[in-house]
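In what follows, a single structure is set out as structure tokens and then discussed.
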Amino acid sequence: MKLILSLFPGIDLFGRGFEAEGFCVVRGPDLIHGGDIRSFNVPSGKFDGVIGGPPCQDFSKARRAPPSGAGLAMLAEFARVVREAAPAWWLMENVPGVPDVLIDGYTHQRIDLNAREVGSLQNRHRHFQYGSRDNLTLTVRRCDPLESVERCCLASEASRPGRRDWKRFCELQGLDDGIDLPGMTLSARYRAVGNAVPLPVAQAMARAVKDARAGAVVCKCGCGRPVSGRARFAEAGCRKRMQRRRDSPVAAAPWAVTI
């Protein structure tokens, strides 16, 4: 059994996905419980891995206000804890617009994954960055994307027209039996569950970490699919995805934050 530390956990569906795949998860501080990562320190060499999803609002395309600066500050806090913990690997979840987080001593890999590619019934695009001290590479097992899926679960769903009921909202995030969040208002409950990594996505990434290996060659589009021979892309869709990025007048390669 591998011991991992989960940062910015919230209700920690990310950590629960790893627990379902046999990892033992220790949860760090979170504002939802009155904790603050800025005053959190961790001993070195105790954790095999560190996972977490720092706040993403500053990097989201849906953002309507100017960046607050908190996003970059929390990326730096995530990296600080990784440096302190000195794990064999780390995995960070965020939105596709997040900058590269480069931490000395670790390789770096970006992976994009849609929840519907791992059996979820919602169309939700998530982004991951992975670092390994042992030069390991992740490959993500995907199924054929489901065609008939529902819209993405959002943290703001409680205030939106056509709000799905609480049971259905939880089911789409992978919580078939719901979740008890006593003391929270309805809006806070939707926000807590909507901010979480969908459970099927978390489990898919946990399996990828278990299967990580040195020398794996993956697609250049950032999907994490393996390629062989002289191929650069896993599928025709991967090539088209890269072409759309190059042709987009607003898209640019993510900038790097070296920690």
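The table below gives the values:
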read-out: Scan of the stretch 82-105 for residues that are among the aromatic types (F, W, Y) and in a helix (DSSP H, G or I), ordered by number; value: none
read-out: Positions within the stretch 41-70 being under 10 Å from N94 (Cα atoms), modelled with pLDDT under 85 and not in a loop (DSSP other than H, G, I, E, B), in sequence order; value: Q57, F59
read-out: Positions within the stretch 18-46 being under 15 Å from E84 (Cα atoms) and in contact (Cβ under 8 Å) with a residue 24 or more places away in the chain, in sequence order; value: G28, I37, R38, F40, N41, V42, P43, S44, G45, K46
read-out: Matching residues in the stretch 104-122 - criterion: being of a type in the set (A, V, I, L, M, F, W, C) and either without any contact (Cβ under 8 Å) to a residue 24 or more places away in the chain or farther than 16 Å from V197 by Cβ (or both); value: none
read-out: Condition broken by G162, with the remaining ones in (1) under 21 Å from C56 (Cβ atoms); (2) surrounded by fewer than 19 Cβ atoms within 10 Å (Cβ to Cβ); (3) out of contact with any Lys or Arg (no Cβ under 7 Å at 6 or more places or on another chain) satisfied; value: (1)
read-out: Members of the stretch 1-17 that are more than 21 Å from S132 (Cβ to Cβ) and either in a helix (DSSP H, G or I) or free of Cβ contacts under 8 Å to residues at least 12 places away in the same chain (or both); value: L13, R16
read-out: Helices (runs of 4 or more DSSP H) completely within the stretch 139-227 that count 2 or more residues being over 14 Å from G119 (Cβ atoms) and not assigned by TED's automatic domain parsing to the domain that holds R110; value: 166-172, 186-194
read-out: Residue ID - surrounded by the fewest Cβ atoms within 10 Å (Cβ to Cβ), chosen from residues in the stretch 85-99 that are out of contact with any Cys (no Cβ under 9 Å at 6 or more places or on another chain) and under 18 Å from A204 (Cβ atoms); value: P96
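The values are calculated or read from the model by the stated rules, or taken from the named source; none is laboratory data. A quick note: this is a predicted structure, and the numbers were derived from the prediction, not measured. Here Cβ is always computed from backbone atoms with ideal geometry, including for glycine, and neighbour counts include all displayed protein chains.
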